[in-house]
1. Within the range B:108-126, can you find the residues that are within 12 Å of another protein chain (Cβ to nearest Cβ) and either in contact with a Gly (Cβ under 8 Å, 6 or more places away or on another chain) or of a type in the set (A, V, I, L, M) (or both)?
2. Just checking, which of B:Asn160, B:Asn183 is within 21 Å of B:Ala299 (Cβ to Cβ) and touching a residue at least 12 places away in the same chain (Cβ under 8 Å)?
3. For the range B:57-84, name all the residues that are of a type in the set (A, V, I, L, M) and either at the interface with chain A (Cβ under 9 Å from one of its Cβ atoms) or in contact (Cβ under 8 Å) with a residue 24 or more places away in the chain (or both).
4. Within the bounds of the range B:246-263, is there any residue that is surrounded by 13 or more Cβ atoms within 10 Å (Cβ to Cβ) and part of a loop (DSSP other than H, G, I, E, B)?
5. Could you tell me which residue of the range B:99-131 is surrounded by the most Cβ atoms within 10 Å (Cβ to Cβ), considering only residues that are in contact with a helix residue (DSSP H, G or I) (Cβ under 6 Å, 6 or more places away or on another chain) and outside any helix (DSSP H, G or I)?
6. Hey, can you tell me all the residues within the range B:232-277 that are more than 20 Å from B:Ser287 (Cα to Cα) and free of Cβ contacts under 8 Å to residues at least 24 places away in the same chain?
7. Would you point out which residue out of B:Thr226, B:Thr219 is buried (at least 24 other Cβ atoms within 10 Å of the Cβ), more than 14 Å from chain A (Cβ to nearest Cβ) and polar (S, T, N, Q)?
8. Quick one: how many residues across the range B:1-56 are more than 7 Å from every other protein chain (Cβ to nearest Cβ), part of a helix (DSSP H, G or I) and crowded, with 18+ Cβ neighbours inside 10 Å?
Amino acid sequence: MLSESGSAGADVKIGITLTINGERRELQVAPWTTLLDLLRERLDLTGTKKGCDHGQCGACTVLVDGTRINSCLALAVMKDGAEITTVEGLAGLAHRQGANTLHPIQEAFVEHDAFQCGYCTPGQLCSSVGLMNEGHAKTRDEIREAMSGNLCRCGAYTNIVDAIEEVMHQGAAR
Amino acid sequence: MNRFDYVRADTVADAIKALGTDPSARFIAGGTNLVDLMKYNVEKPGRLIDITRLPLKNIEEHEGGLRIGALVSNADLAYDASIQSRYPLLASAILAGASAQLRNAASTGGNLNQRTRCYYFYDEGTPCNKREPGSGCPAIGGVNRIHAILGASGACIATNPSDMCVALAALEATVQVSGPEGNRAIAFADYHRLPGDDPAKDNTLKPGEIVVSVDLPATDYGPHHTYLKLRDRLSYAFALVSVAAALELDGQTIKTARLALGGVAHKPWRNQEAEALLQGKPATRESFKAAADLILREAKPQSENGFKIELARRAIVRGLEQAAAGTPQSQSDKRIQ
């Protein structure tokens, strides 16, 4: 059993290993650091956004071992050993080599005008990939419901669903 | 968020030992409620015990029913093939709640123990008898649209926000817990408390106890069930009123009825008198209305939530009609048939 007790309040760091967008990182992390803050503040991966910081907007959505979660509610130390994919790593996920390449979902978002200000977009993209990994949503209604954890104040929702539908059907056609 | 010790447990015994006698120690699994509360300084644990490595992640056959490990995620539970075919009411209720991201992270045990979303409970700048016993309940006479119409007290009118628990109440699940004094089984109806004079305690767990599984008994309602959730948005919002209904029918006659309400009380609300009333009756609107009236006879409105009484009355009737027809509410097609 791992026991890291100094007195609560001491400058305690826990050693963890995370594979982030394919790159293995060994990190010393305070237990109260969220995965979101680790990614943005420490690792400069500012693609993932802090919208509400309370699990209510989905802007912080990332993939942990292929599963979408709200990184604002995840303590980084609890993800020791996991593979994390952020928006910066989506092209790599689709085996697109080289700079400035895009995952099919990113191409579809551009094609379908599925973003305006772009703030919710990294979360929408990771959430879309997570949705497709889950393999449950098939109809438009199901896609909408399955994306209900990602809010968009610009109202790009219908185009987001269009983009997801297209990539899902591409995937089925392959 | 306060500073805290962080430890990991590998066995249930380790986890219980790590809790020790520290009243500010907390187990953490998905963290989707606890971390939220910590960010608001409502929960300030001195120590977090990471229980995500405990061997409580399976769904197994158990005495004709199923035993759900406390660490099974809400998503895994809802999409499990055995749950979908044998307990579709439970799957439906889970999918009505939260978001995919939250369901992926949240655990069965955590969902069971999630705390109220009362605005005053969440605001450390206001009094709250649940958060600080004796400080008062500003929801009474305050902003109480989302609060209880049944089972409340002068000390607390908060509601239990879980959808999963409403289905577990209707399915008469059993909660298995383990603690310093050994293992025990808690009937679901006895797990969550009414607020009474002591709203600080949400449930009947004793100090040092941990939920290890939730057991579902063998049941067969076939398609005669529904989870009907009414809320201000079509998705991603807590229930104003929800109904879990399950019926065993003999032709058009009700053999057994199970009914639980969410969004209306400090615990999922069952009224066994109403269930008994339905037994042997024809599965008609008249029977359902009689049951609804019986359940809501003791309902008490607060200053802003009186609409819930009539809403609940109609939701009970509509839910029972859906169950009787074998057309459970879809959680993705939002039309209420």
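The values are calculated or read from the model by the stated rules, or taken from the named source; none is laboratory data. These numbers come from a predicted model, not from an experiment. In this analysis, Cβ positions are derived from the backbone assuming ideal geometry, glycine residues included, and neighbour counts consider all displayed protein chains.
1. B:Gly110, the sole residue that qualifies.
2. Being within 21 Å of B:Ala299 (Cβ to Cβ) and touching a residue at least 12 places away in the same chain (Cβ under 8 Å) holds for just one of B:Asn160, B:Asn183, which is B:Asn160.
3. B:Ile59, B:Leu66, B:Ile68, B:Ala70, B:Leu71, B:Val72, B:Ala75, B:Leu77, B:Ala78, B:Ile83
4. yes
5. If we take residues in the range B:99-131 being in contact with a helix residue (DSSP H, G or I) (Cβ under 6 Å, 6 or more places away or on another chain) and outside any helix (DSSP H, G or I), then B:Ala106 is surrounded by the most Cβ atoms within 10 Å (Cβ to Cβ).
6. Across the range B:232-277, the qualifying residues are B:Asp232, B:Arg233, B:Ala237.
7. Answer to the selection: B:Thr226.
8. 8
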